[in-house]
Amino acid sequence: MTFEAPDYYRLDELYSADELVVRDSVRKFVQHSALKTLPSCFEEGRFPDELVGEIASLGLLGANLEGYGCAGIGPVAYGLAMQELERGDSGLRSFVSVQGSLGMYAIYAHGTEEQKTRWLPELAAGKKIVCFGLTEPDFGSNPSGLQARAELVGDEYILNGNKMWITNGSIADVAVVWAQCDGEINGFLVEKDAPGFSTTLQKGKWSLRASITSELHFEDCRIPRECRLPNTTGIKAPLMCLNQARYGIAWGAVGAAMACYSEALEYAKTRVQFSAPIASFQLVQAKLVEMLSGITASQLRCHRIGRLKEQGTIRPQQISLAKRDNVAVALDVARSARDILGANGIMEEYQSGRHMRNLETVKTYEGTHDIHTLILGNDITGISAFGGEE
Ligand code: TGC
Ligand code: FAD
């Protein structure tokens, strides 16, 4: 199927030439390279490691960071790149989000000069992989309660605890790990061969199958004291990283929705039932219009949060609204596209079903839909509805 990118409100006119160059180069990579392997990777449950070199050479790893071998592109160009990657597969965008917006950003924002110089250039070049370990088996939506512990003994920190659902976990050369230390959450850099550190691949996912998801285990794991990220005392430090990734997800979700809409529109125009293309039926047209309407609203939201981020005035809650709503729209669009494709919609050769399954994960990670609702409810009323003890 060919891909026709919907742009009903001519948003292309609002992007700079440089932003469009980035968008188009990633679009080309996804169309001509990534989409050749992504559907089979999803089917096989395999991460496409053969794409990492090309992704790095396009400057997409830590693309919006300055210096240390990073491309230093603006927030809108970065968002458009995430949109195009997720047009391929949410797992591909996830890899880039975790590497750049979570792992590299944690080192960039919270690390020492030595940690930045040591890690960022190799991570930007795709020669090393990083993961971000915040979630634990019993602490998902509420990471403030996390139980992993780090204790300073002589010149080493001793880490104990478990992380779960960690993207890139089993392939990472270094893990950014969040643990309690002296009564506060702190970040640590744990290299893959640190004594007492092991990972387990989480198998059996029916969503995000082209992405690695792992448990991390720390049993009296010893790391040098220089591996603590110095500026990370408190939950605010990892939450700052989540803002970066949630911003990228808001854009990425638009890409997945655009892929599904394009596939459904082309299919509807060519599939004949009752002696007419199904696109000629009012009910099918209504579905296509709802899809376009949602996508257009999401595109406008992305453009606006991009410019606010550029100005440096964006608030985390504004990102929450975009992550929440754009993923919800994308999931609705994917489900409608699957429906319009009829029985073909459940087949691997069509992409809408794959996007639909991926988007169930995207709705849950980086703050579930409902957690973002509560973040927004708190923001507009001033009253927290998360429950639990104050
Ligand atoms: P709370 O009391 O609300 O806040 C504590 C301090 O942090 C500040 N803060 C933020 N700062 C920056 N960015 C944000 N988004 C912030 N949210 C809160 C806040 O102002 C306060 O600062 P201060 O100076 O007053 O101390 O903290 P809480 O413990 O009650 O937590 C609030 C809550 C529930 C919203 C938070 O825990 C949350 O967002 N939960 C969702 C967990 C989550 O998103 N996990 C994601 C794990 S990583 C992942 O999923 C990767 S997926 C792979 C991929 O991206 O592809
Ligand atoms: P829970 O927190 O147990 O939530 C279950 C349900 O309860 C949800 O519907 C939720 O909205 C609801 N709920 C929870 N609290 C409330 C409340 N106060 N009020 C109302 N409803 C509530 N984490 C990382 O740290 N790093 C990663 O790289 C990473 N990658 C991931 C990759 C995948 C494929 C997946 C699926 C997850 C990943 N995660 C990662 C974890 C992800 O961030 C968590 O799954 C997410 O934060 C939700 O936590 P949970 O799954 O424990 O659900």
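Name all residues of segment 191-229 having a backbone nitrogen under 16 Å from the label point set 7 Å from the Cα of residue 112 along its Cα→Cβ direction, giving them as ranges.
Residues 191, 223-229 fall inside that zone.
How much length is gained if the chain between residue 202 and residue 24 is pulled fully straight, taking 0.36 nm per residue apart and subtracting their Cα-Cα distance, in nm to one decimal?
Full-extension gain reported as 60.6 nm.
If I stretch the segment between residue 308 and residue 220 completely, what's the gain in nm (0.36 nm per residue apart, minus their alpha carbon distance), one decimal?
27.3 nm
Select from 275, 217, 40 the residue farthest towards the positive end of the dipole of the chain; place +1 on Cβ of Lys and Arg, -1 on Cβ of Asp and Glu, and compute about the Cα centre.
Final value for the positive-end residue is 275.
Given the whole protein assembly as supplied and a 1.4 Å probe, what does the accessible area of residue 386 come to in Å², nearest 10?
Rounded to the nearest 10, the figure is 100 Å².
State in Å² the accessible area per residue of segment 236-381; use a 1.4 Å probe, count heavy atoms of protein chains only, and round to the nearest integer.
43 Å²
Answer with one residue from 316, 303, 362: the one whose Cα lies farthest towards the positive end of the charge dipole of segment 277-390, charges on Cβ with Lys, Arg +1 and Asp, Glu -1.
Positive-end residue among those listed: 303.
Quick one: dipole size for the chain, taken about the Cα centre, charges +1 on Lys/Arg Cβ and -1 on Asp/Glu Cβ, in debye to the nearest 20. Write down the numbers at each step before the final one.
Numbers: 38 positive and 48 negative charges, 176 e Å.
With only Lys, Arg, Asp and Glu charged at Cβ, the dipole is about 840 debye.
Please determine, in degrees from 0 to 90 and to the nearest 10, the orientation of helix 282-311 with respect to the longest principal axis defined by the Cα atoms of the chain, where the helix direction is its Cα long axis.
40 degrees
Can you say what percent of the DSSP beta bridges in the chain, counting only those with both residues inside, are antiparallel? Round to 5.
In the chain, DSSP labels about 85 percent of beta bridges as antiparallel.
Dipole of segment 130-229, Cα-centred, from +1 at each Lys and Arg C-beta and -1 at each Asp and Glu C-beta, to the nearest 20 debye?
Dipole of segment 130-229, to the nearest 20 debye: 520 debye.
Of all the accessible heavy-atom surface of segment 236-381, with the other protein chains kept in place and a 1.4 Å probe, what percent is carbon and sulfur?
Solvent-exposed carbon and sulfur of segment 236-381 make up 56 percent of the total.
Report the paramagnetic label zone for residue 231: residues of segment 55-74 whose backbone N is under 16 Å from a point 7 Å from Cα along the Cα-to-Cβ axis.
Residues 65-68 fall inside that zone.
Rounded to a whole number, what is D in µm²/s for the chain from Stokes-Einstein with the Kirkwood radius over alpha-carbon pairs (37 °C, 0.692 mPa s)?
It diffuses with D of about 153 µm²/s by this estimate.
If the cut-off is a Cα-Cα distance under 24 Å, which lysines reach residue 28, setting aside same-chain residues fewer than 8 apart in sequence?
Cα-Cα hits under 24 Å: 36, 127.
Rolling a 1.4 angstrom probe over the protein chains, ignoring ligands and nucleic acids, what is the accessible area of residue 262 in square angstrom, nearest 10?
10 Å²
Given a cut-off of under 8 Å on Cα pairs at least six residues apart, what relative contact order in percent is computed for segment 236-381?
Normalised by residue count, the contact order of segment 236-381 is 32 percent.
Leaving out same-chain residues fewer than 8 places away, which aspartates and glutamates sit with a Cα under 20 Å from that of residue 192?
Correct list for residue 192: 49, 114, 122, 136, 151, 155, 156, 173, 215, 219, 220, 226.
How high is the relative contact order of segment 196-291, given as a whole-number percent (alpha carbon pairs under 8 Å, six or more residues apart)?
15 percent
Run the dipole for segment 236-381 about the Cα centre, Lys and Arg Cβ at +1, Asp and Glu Cβ at -1, nothing else charged, and hand back the magnitude in debye, nearest 20.
In total the dipole reaches around 360 debye.
Any lysines with Cα under 26 Å of the residue 287 Cα? List them, leaving off those in the same chain fewer than 8 positions away.
List returned: 269, 323, 363.
Using a Förster distance of 35 angstrom, determine the FRET efficiency expected from the C-beta separation of residue 13 and residue 290, and round it to 0.05. Let's see the in-between values first.
Working: r = 25 Å, r/R0 = 0.71.
With a Förster radius of 35 Å, E is 0.90.
Can you pull the percent of segment 130-229's accessible area that's carbon plus sulfur, 1.4 Å probe, other chains left in place?
Here carbon and sulfur together make up 46 percent of the probe-accessible area.
I want the local charge near residue 313. Using Cβ-Cβ distances under 13 Å, sum +1 for each Lys or Arg and -1 for each Asp or Glu among the other residues.
With Lys, Arg at +1 and Asp, Glu at -1, the net is +3.
Order these peptides, 162-168, 89-95, by their mean beta-carbon neighbour count within 10 angstrom, highest first.
In descending order of packing, they fall as 89-95, 162-168.
For residue 2, what accessible surface area do you get with a 1.4 Å probe? Give it in Å², rounded to 10.
90 Å²
Which value, in Å², gives the accessible area per residue of segment 130-229 when a 1.4 Å probe is used on the protein heavy atoms?
Value for segment 130-229: 44 Å² per residue.
Give, as ranges by residue number, the residues of segment 39-53 whose backbone N falls under 19 Å from the point 7 Å along Cα→Cβ of residue 31.
39
Compute the relative contact order of the chain as a whole-number percentage, counting only Cα pairs closer than 8 Å that sit 6 or more residues apart in sequence.
Values: 728 pairs, mean separation 69.8, N = 390.
Here the relative contact order equals 18 percent.
Dipole of segment 1-141 (Lys/Arg Cβ +1, Asp/Glu Cβ -1, origin at the Cα centre): which of 1, 131, 53 lies farthest to the positive side?
My answer, from the dipole projection, is 53.
The values are calculated or read from the model by the stated rules, or taken from the named source; none is laboratory data. This structure is a prediction, so every number in the text was calculated from the model and none was measured. Here the Cβ is made from the backbone with ideal geometry for all residues, glycine too, and neighbour counts use every protein chain on show. Keep in mind that these areas ignore ligands, DNA and RNA; they rest on the heavy atoms of the full protein, side chains included. Shrake-Rupley method; radii C 1.70, N 1.55, O 1.52, S 1.80 Å.
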